[in-house]
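Novice: Dumping the structure here so I can ask a few things about it.
Throughout, read-outs are computed from the coordinates displayed, never taken from laboratory work. Keep in mind it's a predicted model, so treat the numbers as computed, not measured. Cβ placement follows ideal geometry from the backbone for every residue including glycine, while neighbour counts extend to all protein chains displayed.
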Amino acid sequence: MANKNKILVPEAREGLDQLKAKVANTKDPQKAKFEVAEEQQISLNQGYNGNIKAKDAGKVGGHLGGSMVRELVKMGQQQLNQNRNESK
């Protein structure tokens, strides 16, 4: 199944890929899901993975997505605190 999540700002793709790699502790964002799958002890192959359970797919995607959201919130909070300190 094709990825239905579209980035609203296409120019953000590189930054999101870097963030994905960061939260998965890898240098290559394309390997991020494989790193997470390995940590979760889920067998994930290059290419088609339609044979894995939805629960397992959710563990991989949910871990990556959740970690990315947490990191984005953390970055936003840091930026707000920095702006507050600069305006004083």
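Novice: Relative to the longest principal axis of the chain, what angle (0 to 90°, nearest 10) does the C-alpha long axis of helix 13-23 take?
Specialist: It is inclined by approximately 80 degrees.
Novice: Output the 0 to 90 degree angle, nearest 10, between the alpha-carbon long axis of helix 54-87 and the longest principal axis computed from the alpha carbons of the chain.
Specialist: 10 degrees
Novice: Report the gain in length on full extension from R70 to I7: 0.36 nm times residue separation, minus Cα-Cα distance, nm rounded to one decimal.
Specialist: 20.9 nm
Novice: Still on this structure, I have one more. Which one, G61, G47, G76, has the greatest fluctuation when you compute a Gaussian network model over the chain with C-alpha springs under 10 angstrom?
Specialist: Result: G47 has the largest fluctuation of those listed.
Novice: When the chain is treated as a GNM, springs tying every alpha-carbon pair under 10 Å, which of Q40, Q18, Q78 comes out with the largest mean-square fluctuation?
Specialist: Maximum fluctuation in the GNM of the chain, among the listed residues, is at Q78.
Novice: I'm spelling it out carefully: the read-out is P(r) over Cα pairs in 5 Å bins from 0, in percent, the candidates are (i) 3, 15, 27, 27, 17, 7, 3, 1, 0; (ii) 3, 14, 15, 13, 11, 9, 9, 7, 6, 5, 4, 3, 2, 1, 1, 0, 0; (iii) 2, 13, 18, 22, 18, 11, 7, 4, 3, 2, 1, 0, and one was derived from this structure. Which label?
Specialist: Among (i) 3, 15, 27, 27, 17, 7, 3, 1, 0; (ii) 3, 14, 15, 13, 11, 9, 9, 7, 6, 5, 4, 3, 2, 1, 1, 0, 0; (iii) 2, 13, 18, 22, 18, 11, 7, 4, 3, 2, 1, 0, the one calculated here is (iii).
Novice: With charges set only on the Cβ (+1 for Lys and Arg, -1 for Asp and Glu), what does the dipole of the chain come to about its Cα centre, in debye to the nearest 20?
Specialist: 260 debye
Novice: Write out the trypsin sites (Lys or Arg not before Pro) in the range 1-41 meeting two conditions: DSSP loop, and at most 14 other Cβ atoms within 10 Å of their Cβ.
Specialist: K4, K6, K27
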